[in-house]
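Undergrad: Shown below is the structure under consideration.
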Amino acid sequence: MPDYQSAFVEALLDPAKPVPAGLVRPDGLPAGRRFDIYRNNVVVALIEALGEAFPVVRALVGEEFFEAMAGVYVRAHPPSSPRMMFYGEGFAAFLESFEPVDRFAYLPDVARLEHARRVSYHAADDPAADPSVLGEREAAALMQTRLVLRAACHVVRSAHPVYSIWRFNATEDKAPVLPAAEDVLVSRPADAVLMHLLPPGGAGFLLALRAGEPLGRAADKAMHDAPDFDLGATLSVVFAAQAIGTISV
């Protein structure tokens, strides 16, 4: 990026920076006041976009605190793409190092879940596989089968009750939030984004599939991490979520 463009972007996001040299109004007069208004509007718009992308995070910390926190984020992390529906990809990592929210240990994972939902909603459409294909295979062939996750599917792992926290703050379901680790499968079978709690080992199983492991090896890895891993129960959740795009040897 040319120096003058870099200076413009830096000044746009930092009110302490001077108006870029040579910036004038159409009538040739200095554009200082207009630029101040413009950069304030840009920052406000980015804060609003972040609030729309992370409504549960906003609800958890409160509107006023969120706006102040988001202001820090947007000035340090301006959009790198014109596709604003994906803005905030680094917000969870930012929260991990933002000391004022240290007491909210679960907040970064809530942000990861919200971002996964947003990315899932905007993912490319691809057809779901027919699970009946698995029933036609011999046991040995079945274990060598590869299941490829659909583009809209994401796995969010957390040491906190991340799904329960999201549900309590985003829906009418006010069931108590109990302290427990929760792994979540985010999918979009049709037009709506859905979330499914994964049984023990389920997240590791899906991540192994995503890495290209065949079904048998993915199950072994899941069982190593979670001895009570149940392949049947996990596949039931996975196919109910229509999370698999292709089934191949």
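Condition check ((1) surrounded by fewer than 18 Cβ atoms within 10 Å (Cβ to Cβ); (2) under 30 Å from Ala139 (Cβ atoms); (3) in contact with a Leu (Cβ under 6 Å, 6 or more places away or on another chain)) across all residues:
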residue	(1), (2), (3)
Thr171	yes, no, no
Ala180	yes, no, no
Ser187	no, yes, yes
Asp191	yes, no, no
Leu206	no, yes, no
Ala211	yes, yes, no
Lys221	no, yes, no
Ser236	yes, yes, no
Thr246	yes, yes, no
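Undergrad: So, one more: From the list Ser120, Ser80, exactly one residue is polar (S, T, N, Q) and surrounded by 15 or more Cβ atoms within 10 Å (Cβ to Cβ). Which is it? Give the derivation first.
TA: On the way: Ser80 fails: surrounded by 15 or more Cβ atoms within 10 Å (Cβ to Cβ).
Going through Ser120, Ser80 in turn, just one is polar (S, T, N, Q) and surrounded by 15 or more Cβ atoms within 10 Å (Cβ to Cβ): Ser120.
Undergrad: Give me the pairs: first residue in region 166-183 and touching a residue at least 60 places away in the same chain (Cβ under 8 Å) and under 26 Å from Gly201 (Cβ atoms), second residue surrounded by 10 or more Cβ atoms within 10 Å (Cβ to Cβ) and of a type outside the set (Asp, Glu), beta-carbon distance under 6 Å, and six or more apart or on different chains, which are they?
TA: Trp166/Val56; Trp166/Leu113
Undergrad: Considering only region 147-249, give the strands (runs of 3 or more DSSP E) lying wholly within it that have at least 3 residues that are β-branched (Val, Ile, Thr).
TA: Strands (runs of 3 or more DSSP E) meeting the threshold: 244-248.
Undergrad: So, in region 88-105, exactly how many residues are in a loop (DSSP other than H, G, I, E, B), on the phi < 0 side of the Ramachandran plot and surrounded by 21 or more Cβ atoms within 10 Å (Cβ to Cβ)?
TA: Residues in region 88-105 being in a loop (DSSP other than H, G, I, E, B), on the phi < 0 side of the Ramachandran plot and surrounded by 21 or more Cβ atoms within 10 Å (Cβ to Cβ): 0 in total.
Undergrad: Next question. Does Phe66 satisfy the condition of being closer than 20 Å to Arg118 by Cβ and either at pLDDT 95 or above or in contact with a Lys or Arg (Cβ under 6 Å, 6 or more places away or on another chain) (or both)?
TA: Numbers: closer than 20 Å to Arg118 by Cβ: yes; either at pLDDT 95 or above or in contact with a Lys or Arg (Cβ under 6 Å, 6 or more places away or on another chain) (or both): yes.
Yes, satisfied.
Undergrad: If only one of Val156, Val110 is in the same structural domain as Ala218 (by TED's automatic domain parsing), modelled with pLDDT of 95 or more and crowded, with 16+ Cβ neighbours inside 10 Å, which one is it?
TA: Residue meeting the stated conditions: Val156.
Undergrad: Exactly one of (1) closer than 23 Å to Lys221 by Cα; (2) in the same structural domain as Glu67 (by TED's automatic domain parsing); (3) not hydroxyl-bearing (Ser, Thr, Tyr) is unmet by Ala93. Its number?
TA: Result: Ala93 passes all but (1).
Undergrad: Still on this structure, I have one more. Take the residues of region 138-187 that are under 18 Å from the mean Cα position of the chain (by Cα) and of a type in the set (Ser, Thr, Tyr): which is nearest to Ala243 (Cα to Cα)?
TA: Going through the qualifying residues, I end up with Ser187.
Undergrad: Now for a separate question. Regarding region 65-76, can at least one residue be identified that is in a loop (DSSP other than H, G, I, E, B) and loosely packed, with under 14 Cβ neighbours inside 10 Å?
TA: No, because not a single residue in region 65-76 is in a loop (DSSP other than H, G, I, E, B) and loosely packed, with under 14 Cβ neighbours inside 10 Å.
Undergrad: Mind listing whichever residues of region 77-87 are outside any helix (DSSP H, G or I) and under 19 Å from Arg117 (Cβ atoms)?
TA: Ser81, Arg83, Tyr87
Undergrad: Given the criteria within 20 Å of the chain's Cα centre (by Cα), outside the structural domain of Leu235 (by TED's automatic domain parsing) and under 23 Å from Met85 (Cα atoms), does Ala190 qualify?
TA: Spelling it out, it is not the case that Ala190 is within 20 Å of the chain's Cα centre (by Cα), outside the structural domain of Leu235 (by TED's automatic domain parsing) and under 23 Å from Met85 (Cα atoms).
The values are calculated or read from the model by the stated rules, or taken from the named source; none is laboratory data. What you see is a predicted model, and the numbers here were worked out from it, not measured in a lab. Ideal geometry is used to build each Cβ from the backbone, glycine not excepted, and the neighbour counts take in all protein chains shown.
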